[in-house]
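Since the structure comes first, as structure tokens, the remarks are kept for the end.
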Amino acid sequence: MTTPRYDHIIVGGGSAGSVLASRLSADPQRHVLLIEAGPDTPPHATPAEILDGHNPFRLRLELRDRYFWPDLSVRHGAQPEGIERPERYLEQARLLGGGSSVNVLVANRGLPRDYDQWAALGAEGWGWDDVLPYFRKLERDTDYAGPLHGHDGPIPISRVSTRDWTPFTRSVVSALQAEGLRDIGDQNGVFDDGYFAPAVNLEHGQRVSAARGYLDEAVRARPNLTLWTDSQVLGLQREGTRITGVELQRNGEHVTVGAGEVILAAGALQSPAFLLRSGIGPASQLQELGIEVIVDRPGVGGNLWEHSSLGTLATLGDAARSDAVLARPGTSHQLGIRVSSGVDPDTPSDLYLTIGADAERGVAHALFWINKPSSSGRLTLRDRDPASPPHVDFNLLSDPRDLQRARVALRTIQRLFKHPVLARYELQLALTPFAVPQPGGPKLETLLADDTALEAYLRRHIGGVWHPSGTCRIGTADDPQAVVDSAGRVHGVEGLRVADASIIPVIPTANTNLPTLMLAEKIADAILGGA
Ligand SMILES: Cc1cc2nc3c(=O)[nH]c(=O)nc-3n(C[C@H](O)[C@H](O)[C@H](O)COP(=O)(O)OP(=O)(O)OC[C@H]3O[C@@H](n4cnc5c(N)ncnc54)[C@H](O)[C@@H]3O)c2cc1C
């Protein structure tokens with residue numbers, strides 16, 4: 001079956017796809033089709049578990065089959081040659097709103113230096129002064145005003161009031177102050193090290209995903225916007241080097257749809273796979289799989305970033321448990337900490353810690369992630385079949401500086417818990433992979449005393465925080481590692497853009513949802529401006 005032609009087909013209705021569909025269809029002359037593989041989250045019928053902003057972990061732990069791609073397993077850590085590296089399941093969202101519908105809601109912009117680094121690497125027009133207007137445009141900050149903030153964007157940004165911090169969190173704060181850290185308040189406007197109540201995209205306790213913020217009833221009512229959910233794109237259609245449309249599976253039928261241009265917004269682990277299967281990528285790799293090479297772009301699938309992460313967990317005794325009772329729910333959103341490991345003096349603020357306690361679950365937790373890592377990996381195809389998930393190797397800790405940063409992070413956590421205000425709780429922290437918190441891991445204190453064992457543990461158990469990015473990075477056409485230009489157009493082909501977390505040149509010092517919304521706003525603006 002063939003359906004009418006559209007001006008823009010957006011593949012993937014996640015964080016970026018929702019922004020693009022909303023902004024492009026604001027021009028009534030443009031006919032826009034948004035295609036999402038997973039279910040819709042309609043404005044008045046969004047499932048309660050998606051709206052629930054206080055227990056975002058439940059989605060991953062209990063509702064995996066409903067809201068996540070089923071078969072994606074990845075390799076996280078880099079290990080010395082000869083040691084087997086297990087593959088682990090990685091959750092990637094499969095529903096309208098994508099990651100923003102299932103994530104932990106932390107709304108972090110990163111630091112000005114991140115975007116100046118993008119510009120320095122060839123992403124022309126993507127320096128901090130260029131991206132700030134788009135960070136402002138997407139947000140409605142309910143706590144902070146001034147030139148750094150927006151007040152009428154689709155995404156509300158708020159923070160748990162420090163008045164609602166538990167006595168346990170206040171004890172952690174005392175220990176942090178002893179480390180010389182201070183409350184910086186606005187993590188998105190004050191760029192020093194310190195602690196803060198993390199910014200989250202919550203309003204009245206409910207999640208505001210990109211779908212909820214950008215695809216409201218008024219937007220959905222536009223006659224020039226078509227929204228297809230439960231519809232999976234299988235591949236791109238092409239004439240020579242021009243992309244002319246997509247083929248997909250919808251309601252049990254195989255459908256082809258033509259377009260003036262196709263915009264890939266399928267996320268950093270799926271958009272590059274579309275390029276590779278269409279013959280756009282490293283020639284030798286494509287030839288090995290028997291794929292005709294349309295454009296030799298060695299960068300496709302490379303430059304794969306993630307924030308390395310690991311957690312610690314302790315069982316609460318009676319004293320800690322009563323100090324951890326929350327006035328309101330929201331444990332994971334009480335306290336964020338930005339610190340410098342000192343490993344690379346040119347890259348301060350490279351660690352993020354979060355520490356909390358949950359009286360209901362009877363545990364305290366301290367997690368770290370390397371917020372400005374030096375290691376990156378690669379994504380490749382396993383085969384030509386569109387149903388096969390790609391082979392994903394994050395290669396975490398391959399750069400020795402990251403191993404060192406992880407050690408510093410764990411030592412910092414241990415030092416904080418040894419401070420008298422926390423030592424009185426007598427919490428025995430044990431290591432646990434962050435993604436699947438499990439009791440019974442080795443004691444932090446024991447591992448810190450044995451450097452070899454610590455390294456072995458880190459290499460085996462290091463995980464990420466669901467921030468894959470960078471696999472189709474922005475840069476100039478003469479840079480072989482660049483895949484798209486500053487307006488998201490794929491070098492060497494016509495009628496094709498990428499506009500999602502894939503185009504990030506280097507992972508920012510931040511969780512990736514807000515930067516992805518920002519970049520989608522900026523690309524939409526470029527398209528509306530004629531780029
Ligand atoms: C569990 C989890 C927790 C996270 N926590 C945070 C956090 O607290 N803060 C933060 O900033 N970031 C967080 N992130 C990361 C953040 O949500 C992502 O970086 C962001 O959503 C990426 O946006 P995207 O548009 O690039 O991709 P996505 O939002 O993943 O969107 C891609 C969309 O494309 C669809 N798609 C893919 N292939 C096809 C196809 N063949 N046909 C049709 N549709 C397709 C997918 O179903 C998906 O909906 C988290 C992510 C996860 C998964």
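For this structure, a couple of remarks:
- Flag if residue 224 is over 23 Å from residue 364 (Cβ atoms), touching an Asp or Glu at 6+ places or on another chain (Cβ under 9 Å) and within 16 Å of the ligand (Cβ to nearest atom): no
- Test: residue in the range 308-316 that is under 21 Å from residue 239 (Cβ atoms) and either out of contact with any Lys or Arg (no Cβ under 7 Å at 6 or more places or on another chain) or surrounded by fewer than 24 Cβ atoms within 10 Å (Cβ to Cβ) (or both): no
- Within the range 48-64, considering residues that are surrounded by 16 or more Cβ atoms within 10 Å (Cβ to Cβ) and in a loop (DSSP other than H, G, I, E, B), the one nearest to the ligand (Cβ to nearest atom): 56
This table checks each residue for (1) within 29 Å of residue 375 (Cβ to Cβ); (2) in a strand (DSSP E or B).
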position	(1), (2)
249	no, yes
273	yes, no
287	yes, no
290	no, no
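- Every residue from the range 65-115 that is more than 10 Å from the ligand (Cβ to nearest atom), crowded, with 19+ Cβ neighbours inside 10 Å and of a type in the set (Ser, Thr, Tyr): 115
- Selection of first residues in the range 258-284 that are on the phi < 0 side of the Ramachandran plot and of second residues that are away from the ligand (no atom under 13 Å from the Cβ) and among the hydroxyl-bearing types (Ser, Thr, Tyr), restricted to Cβ pairs under 8 Å at least 6 apart or on distinct chains, gives the following pairs, ordered by first then second residue: 258/2; 258/6; 258/244; 259/6; 259/244; 260/6; 276/380.
- Residue selected from the range 442-465 under the condition of a type in the set (Asp, Glu) and not in a loop (DSSP other than H, G, I, E, B), by the criterion surrounded by the most Cβ atoms within 10 Å (Cβ to Cβ): 455
- Selected residue (criterion: surrounded by the most Cβ atoms within 10 Å (Cβ to Cβ)) from residues of the range 10-39 that are within 11 Å of the ligand (Cβ to nearest atom) and over 15 Å from residue 523 (Cβ atoms): 13
- Among the residues making up the range 65-109, those that are out of contact with any strand residue (DSSP E or B) (no Cβ under 9 Å at 6 or more places or on another chain), among the charged types (D, E, K, R) and either part of a loop (DSSP other than H, G, I, E, B) or closer than 28 Å to residue 398 by Cβ (or both) are 81, 84.
- Within the range 17-35, residues that are farther than 26 Å from residue 235 by Cβ reach no partner that is at pLDDT below 95 and in a loop (DSSP other than H, G, I, E, B) with beta carbons closer than 6 Å at six or more positions or on different chains.
The values are calculated or read from the model by the stated rules, or taken from the named source; none is laboratory data. Since we're looking at a predicted model, the values are computed, not measured. When we count neighbours, we look across all protein chains shown, and the Cβ atoms used for this are built from the backbone with ideal geometry, even at glycine.
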